[in-house]
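S.K.: Attaching a single structure in structure tokens format; questions to follow.
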Amino acid sequence: VVVPTESDPFKSQLILEGDASAEFTDALLKQGVLDVVDGSLTTESLVLQLGGRLDVADGSTFTTDTLRFVGSDETLAEAGTLNITDIEIAASDDATPIRSNVTLATDMSVEVLDISDSTVTVAHDLDVTFDFAVDNSSLNVDAGTVNTVDAAFTKSELQVDSGAELDVATNLDFDGGDIDVFGKLEARTADIDNAAVYVEFGGTYNAGDVTMDGSDLAVEGDLNAGAATITNTEVSIGFDGDLDASSLTINGGDWEVEGDVDVTTASIANSEVLIGEDGSWVTGRTTVGEGASMEVDGAVRGDFLVVSGGDFCANGFVGFVNAVAEDGSRFDPGCSIADMVLGGDFEFGGMMEFEFETEELFDTVTVMGDLIFTGGLFEFSFLDDFVPRLGMTYDVLNVGGSILGADLLSFSTIGLDGFNLDFSFDDRGLSFEIIGGAASVPEPGTFYLLLTGIASIFALRRRQRMS
């Protein structure tokens, strides 16, 4: 029965009641209502376009191979039985396309969910058993759990709200757009390019393996991964953020860590990593490679290897099990002036700069384990025109264990012209005394008075002899 509505004669209704049934091959409903009050409706395809609406009452059934929304503003509400194989949601094909705005507010299982140029909200449980594609669209998982075999997003926005979950059984492929996780996002593997990813406070992102390139990552919640490969990506681990992984590979992009990073192995190249005062970096082994620098104001634990072209500096305690600074690397006590304490053994063959700003303010290193030199250079840099006094002694290196290979170490100075250093290297460390060279140069006025005083003393002695 097709009748005009009272409000608009151009809008039509198809009403099935009294246990009626209808079958169509293809059905198009434009600016109207399909109202299955009591009965069943079966189609091979149904298109709801520009205001077309489907209502299936409790006790009734709707079955279709393909349900397509085109330029629709529609809520598919919980009611009767829905047997839908594929759902396609798209904008209208008018000269000025109208995006669909669809809410899936009933539990359902489909083989295919294809979304393009639209906004979709999932408010109940949804299973997608074959193909899940989102293009130039916005998907909000507002409630319930969305389970899918795989998912491909292109230039889209994904938001998983608190209490909701998106579970991707195989691969999440995300190219362009934003991911915002307040609830839970899971994927066996994830490949994310040119996207901004936010794991908010209370949110959880679990991935077996994750690859990110050319993106931004901000973690205030929990990010758990197997192998994480992050390239050319700016990363922020906030105060409440946690990143756990079996392996972490970083190549390009800057990292700022104020929360916790806990990985089995980490490899860093062509990147800057800053561990803030509240940050923690715990690994089985971290390799700071070519073009990489790590600056530590917080806490680090584990083995460290700094290779040629790598740069490491730390302010305060560094809980190394073992550390190696190879030839061509830089390993500084203090990113500014500081007392660095290495909590394990240290094998050194790189370059280390000790900075001296005043007689009381200068870098020191304490190695609680053994110190093994394989070469290396200690450079002593006197800053801001600071000129030490003759006879001053500086204790710069203290070693709790054994010292081996000290004869392989070289020394150099910056800003200490005219002075010599008298080194004392024993089994407990290294100190030196300022000796020889010129004393501090007086100011011009003081220098004139000094010359005048010397001349007066000479004249007085001459008069005494003559008398």
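S.K.: Sum -39500 (n - 2.57) across every DSSP H segment of at least 4 residues in the chain, then divide by the residue count to get the 222 nm mean residue ellipticity, nearest 500.
M.R.: Working: 1 runs with 23 residues, N = 467.
So the helix-based figure for the chain works out to -1500 deg cm²/dmol.
S.K.: How big is the dipole moment of the chain about its Cα centre under a simple scheme where the beta carbon of each Lys and Arg is +1, that of each Asp and Glu is -1, and everything else is neutral? Debye, nearest 20, please. Present the calculation step by step, with values, prior to reporting the outcome.
M.R.: Numbers: 17 positive and 87 negative charges, 579 e Å.
Value, rounded to 20: 2780 debye.
S.K.: So, one more: Could you calculate, for the chain, the ratio of the Cα radius of gyration to the Kirkwood radius, expressed as Rg to Rh? Walk me through the intermediate numbers first.
M.R.: Numbers: Rg = 36.0 Å, Rh = 27.5 Å.
Taking Rh as the inverse mean 1/r over Cα pairs, Rg/Rh reads 1.31.
S.K.: Which whole-angstrom value gives the distance between the alpha carbon centres of the stretch 323-402 and the stretch 240-309?
M.R.: Cα centroid of the stretch 323-402 versus Cα centroid of the stretch 240-309: 22 Å apart.
S.K.: Another question, then. If you plug each phi of the stretch 357-363 into the Karplus form 6.51 cos²θ - 1.76 cosθ + 1.60 with θ = phi - 60°, what whole-Hz ³J(HN,Hα) values come out, in order, with x for Gly and Pro?
M.R.: Per residue, the Karplus-derived 3J(HN,Hα) values read 9, 9, 5, 9, 10, 7, 6 Hz.
S.K.: Could you tell me the calculated FRET efficiency between Ala57 and Phe239, based on Cβ-Cβ distance and R0 = 56 angstrom, to the nearest 0.05? Before the final figure, lay out the partial values.
M.R.: Details: r = 51 Å, r/R0 = 0.92.
For Ala57 and Phe239, the calculated efficiency is 0.65.
S.K.: Can you tell me the orientation of helix 444-466 relative to the chain, as the angle in degrees between its alpha-carbon axis and the longest Cα principal axis, to the nearest 10?
M.R.: Orientation of helix 444-466: about 10 degrees from the principal axis.
S.K.: In addition: Show me 180-188, 123-131 ranked by packing, highest mean number of other Cβ atoms within 10 Å first.
M.R.: Values: 180-188: 22.2, 123-131: 17.7.
Peptide ranking by packing, descending: 180-188, 123-131.
Every number in this text was worked out from the coordinates using simple rules, so none of it is lab data. The structure displayed is predicted, hence computed values, not measured ones. Every residue, glycine among them, receives a Cβ derived from its backbone with ideal geometry; neighbour counts consider all protein chains shown.
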